[in-house]
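The values are calculated or read from the model by the stated rules, or taken from the named source; none is laboratory data. Everything numeric here is computed off the predicted structure, so don't read it as measured data. Cβ coordinates were reconstructed from backbone atoms using ideal geometry, including for glycine residues, and neighbour counts include every protein chain displayed. Heavy atoms of the whole protein, side chains included, go into the accessibility calculation; ligands, DNA and RNA do not. Shrake-Rupley method; radii C 1.70, N 1.55, O 1.52, S 1.80 Å.
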Amino acid sequence: MTRRKKIFLWVLGGGFGLLAITALAGAGVFLYALHHYGKDLPDYRQLADYEPSVMTRIHAGDGSLLTEYAREKRLFVPINVMPERVIEAFLSAEDKNFYTHSGFDYFGIARAMLTNVKNVATNKRLVGASTITQQVSRYFLLTADQTSERKIKEAIIAARIEKAFTKDQILELYLNEIYLGSGSHGVAAAALNYFDKPLDELTIEEAAYLAALPKGPANYHPVRNYERAVARRNWVMAQMAENGFITREEKEEAQARPLVTRQGRQDSIFRADYFEEEIRRELYKIYGDKNLYEGGLSVRTTLEPSLQAIAEQTLREGLVAYDRRHGWRGALGKITVSDGWPAQLEEIDQPLGIDDWHHAVVLELRAEGAIVGLKGESYGFVPFEQVKWARAWRPQERLGPGIEDIADVLNVGDVIAVKSIINAGKMEIAGFVDNEGAPLGSVATYSLQQIPAIEGGLVALDPHTGRVLAMVGGYDYKTSEYNRATQAERQPGSAFKPFVYAAALDEGFTPSSLVLDAPFVIDQGEGQGKWKPKNSSDKFYGPSTLRLGLEKSRNLMTVRLAQYIGMDKVINYANRFDIGKNVQPNLATALGAGEVSLLKLTTAYAMLVNGGKQVKPTLIDRIQDRRGKTIFKHDQRICETCNAEEWRGQDEPAIPDERKQVVDPRIAYQTVSMLEGVVRSGTGRSIRSLGIPLAGKTGTTDDSFDAWFVGFSPDLVVGVFAGFDRPRSLGNGEEGSSIAAPVFRAFMAEALKGKAPIPFRIPPGIRLVRVNAETGQPALPGDKNIIFEAFIPGTEPTGELAVLDDPTRMLQINARSRRGAEGIY
């Protein structure tokens with residue numbers, strides 16, 4: 001062997017040795033890195049139990065979105081229902097080899113290295129090669145720091161994740177966690193926020209745009225960076241075509257379309273603020289804070305949007321109508337009228353409560369009215385006729401003198417609420433220039449408005465199920481979140497009387513039984529004085545039928561009746577109807593002295609009209625968890641045959657009625673029939689003009705502190721309350737019939753418009769008998785005021801009158817001569 005050959009072999013051997021040493025050293029470094037950086041890493045196994053924070057969504061009964069509760073706007077979508085188009089778009093944009101690599105895409109790394117060589121030479125941004133698995137490592141377990149140490153940790157965790165989870169599990173985590181801008185966490189939330197669509201309705205170009213966002217949502221904002229966003233979107237579609245997910249024709253057609261987003265979701269959300277807050281409190285109570293804001297609950301409520309809209313409008317109009325009857329309390333504020341008035345007016349943000357009311361400032365007073373400026377630097381005119389109602393408010397809800405001049409009401413600089421007068425035409429204004437120095441010309445006319453001081457509530461529910469169909473807890477939620485339908489407990493006054501009369505029917509009385517309407521005095525005990533209730537009219541009417549006593553809301557008859565049957569019976573009935581919590585065993589309770597919420601009282605009336613069946617008020621039909629499993633249902637009845645796949649002529653499913661019977665259905669109907677008389681000829685007769693079967697009862701407390709009307713049709717029960725939050729008199733002559741009943745009437749007129757009238761259902765065991773309405777005795781030839789009265793067989797009148805005179809006796813009188821009631825007292 002030559003010397004040269006020996007040298008060559010020695011060098012070659014040494015080179016291999018050096019290479020081996022280098023390889024061993026590299027392996028050592030690699031193993032050390034794995035040990036050093038891998039020993040304190042977060043436990044990747046926690047991902048197996050990971051449930052991302054998902055927003056809770058609240059829907060109305062018709063599916064309309066009411067509101068969302070979330071710390072992060074995210075909707076969870078299981079991978080098995082994730083649309084293929086969305087998956088394909090994200091794989092094409094982020095990791096096309098996702099289903100074949102083991103956590104690292106070596107080809108992608110090599111490709112990125114070559115691309116970055118070119119990008120360095122041309123001063124372009126460097127590209128990365130992180131796989132979806134690596135991104136999951138970073139999002140869930142690491143920080144976003146751009147350091148080599150974080151990259152090493154990311155790679156180690158990615159390798160471990162790939163061994164512990166399936167590809168579908170990893171992709172599910174990624175698509176539901178990734179941030180895509182505009183407050184959107186996960187692809188489902190992004191689809192709604194950018195396009196107002198669920199995932200399965202996205203077009204190719206829309207899915208591609210979402211897939212373009214992970215690289216930097218702000219860089220591809222659809223408005224601020226439109227051209228860049230379109231370019232990135234089109235690149236994603238090119239990748240989808242190259243990977244065989246879409247055809248070339250589909251790609252070209254989609255790339256030619258503009259990027260159009262729809263970010264007006266708030267406009268499509270139906271608002272029912274008091275109802276929504278009641279739902280939020282109930283969910284918080286049952287499931288806690290974390291599940292409410294992060295649990296991804298899907299809540300289907302009982303709310304009927306059309307009825308809710310009617311409820312809000314009619315209650316507000318009723319409160320405003322009362323308020324206008326009691327005078328003007330002054331302007332909302334005062335600003336200096338100068339060239340800067342528009343800016344000053346814009347700063348006023350006091351809620352007005354009604355959408356078509358506007359803030360305005362008085363700029364000039366004239367004999368015929370006031371020139372006003374509105375937000376947006378527009379102008380209007382308030383005619384003198386539109387302020388004549390605004391007599392000064394006086395204590396005890398009295399009115400000041402009549403208005404002789406517009407200056408009696410308004411001053412220049414006053415900030416007021418106004419409403420445009422529809423179809424009133426424009427007013428020509430002479431001798432006035434706007435801020436630009438131009439003649440004002442013709443302007444729209446407005447009426448003067450006032451935010452009411454009175455508050456109130458309205459509840460509408462299904463009497464057969466207790467489902468709350470509409471709820472309003474006040475004039476304006478922005479002004480006061482206090483819910484007068486559920487949180488306020490006030491004395492119901494005469495609205496409690498139906499339950500006294502029902503208890504009397506249960507004790508053997510009939511609607512034709514006579515009770516003496518005469519002075520009543522009771523000694524309340526040592527040092528308590530004597531209690532002397534009276535009728536609202538301050539008159540006495542002698543013996544009167546139970547029907548008449550309820551229809552005309554006679555206090556003296558009610559007290560005498562309650563004393564005779566015993567207050568224990570009255571309280572028992574109150575408890576049956578779940579309105580007995582705050583009642584006391586004294587006779588004042590019979591006149592509604594106990595406190596109750598509007599929702600509970602309305603539900604109690606529901607149990608009368610539904611035949612005496614117990615119902616519980618509910619705002620929620622169903623709750624599902626993030627994966628669609630039903631975890632709550634209001635209707636717990638089991639129906640084995642309700643899930644038939646098709647109709648084959650089989651019998652209709654028989655659903656059991658498991659409602660508890662709280663009162664005999666015959667007694668419930670007799671009470672309903674008497675309440676129908678309240679509307680026909682009693683304190684609620686203003687409602688009779690609707691011409692449909694309705695029943696109900698007014699309620700007014702001492703000194704007119706509270707005004708109520710609770711009433712119903714056969715399938716809809718509605719309760720209305722009005723009063724001041726700090727109780728005081730509503731004013732002389734104001735009562736349930738003047739404040740609450742008109743709201744009920746307006747609500748029912750709209751709610752039942754176009755629907756066929758339905759008579760009240762008569763249960764078995766009721767006999768209708770023609771009687772004289774005044775005496776309650778069988779009708780005779782020549783009688784004029786004749787009605788059909790409801791009796792339980794065997795209790796029909798026979799001509800023998802018995803009048804409840806005092807708590808110890810029933811005065812027997814022969815009434816066949818028909819002198820009857822008139823000659824008894």
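Some notes on this structure:
- Between 0 and 90°, nearest 10: helix 598-609 axis offset from the chain longest Cα axis: 70
- Fraction of the pair-distance distribution of the range 558-653 above 15 Å, Cα-Cα pairs, percent: 73
- Zero-based 20 Å bins, Cα pair distances in the chain, whole percents: 12, 30, 28, 19, 7, 2, 1, 0
- The range 558-597: trypsin sites (Lys or Arg not before Pro) falling in loop per DSSP and having at most 14 other Cβ within 10 Å: Lys581
- Stretched out straight at 0.36 nm per residue, the stretch from Gln396 to Asn411 would grow longer than its current Cα-Cα span by 2.8 nm.
- Restricting the range 424-471 to GluC sites (Glu not before Pro) in coil, as DSSP defines it, with at most 10 other Cβ within 10 Å: Glu436
- Helix 226-242 and the longest principal axis of the Cα set of the chain meet at an angle near 70°.
- Extension gain (nm, one decimal) between Arg366 and Thr261, 0.36 nm per residue minus Cα-Cα: 32.8 nm
- Percentage relative contact order, the range 454-496, counting C-alpha pairs under 8 Å, at least six apart: 33
- Loop-located chymotrypsin sites (Phe, Trp or Tyr not before Pro) in the range 627-680 (DSSP state other than H, G, I, E, B) with a sparse environment of at most 15 neighbouring Cβ atoms within 10 Å: Trp647.
- The Cα atoms of the range 232-370 give a gyration tensor whose axes a ≥ b ≥ c have a/c of 1.5 or more with a/b no greater than b/c, which makes the shape oblate.
- Residue-normalised accessible area of the chain, expressed per residue, 1.4 Å probe, Å²: 49
- With every protein chain in place, the range 538-628: carbon and sulfur % of accessible area (1.4 Å): 44
- Between Val81 and Ala231, the FRET efficiency estimated from the beta carbon spacing at R0 = 41 angstrom works out to 0.85.
- For Phe724 and Arg627, a Förster radius of 45 Å and the Cβ-Cβ distance give a FRET efficiency of 0.40, rounded to the nearest 0.05.
- Inter-part distance where the range 325-399 and the range 167-228 are each reduced to a Cα centre, Å: 47
- Radius 15 Å from Cβ of Lys755, net charge of other residues (Lys, Arg +1; Asp, Glu -1): -3
- Taking a ≥ b ≥ c as the square roots of the Cα gyration tensor eigenvalues, the range 671-812 comes out oblate, since a/c reaches at least 1.5 and a/b does not exceed b/c.
- Label reach from Asn243 (point 7 Å along Cα→C-beta): in the range 163-187, amide nitrogens under 16 Å belong to 167-176, 187.
- Net charge dipole, the chain: roughly 2060 debye, given to the nearest 20, about the Cα centre with Cβ charges of +1 for Lys and Arg and -1 for Asp and Glu.
- Label point distance in nm, Lys532-Glu317, each placed 7 Å from Cα along Cα→Cβ: 4.4
- Across the options Val320, Asn435, His59, the greatest Cα extent toward the positive end of the charge dipole of the chain (unit charges at beta carbon of Lys, Arg, Asp, Glu) belongs to His59.
- Point-to-point label distance, Ala444-Ser686, nm (Cα→Cβ direction, 7 Å offset): 3.1
- Potential lengthening of the chain between Asn291 and Ala164 amounts to 43.0 nm, from the contour at 0.36 nm per residue minus the alpha-carbon distance.
- Efficiency of FRET between Lys388 and Thr336 - r from beta-carbon atoms, R0 35 angstrom, step 0.05: 0.80
- Per-residue Karplus couplings for the range 174-182, computed as 6.51 cos²θ - 1.76 cosθ + 1.60 with θ equal to phi - 60°, are listed in order as 5, 5, 8, 9, 4, 8, 10, x, 6 Hz, Gly and Pro entered as x.
- Computed from Cα positions, the angle between helix 273-294 and the longest principal axis of the chain comes to roughly 40 degrees.
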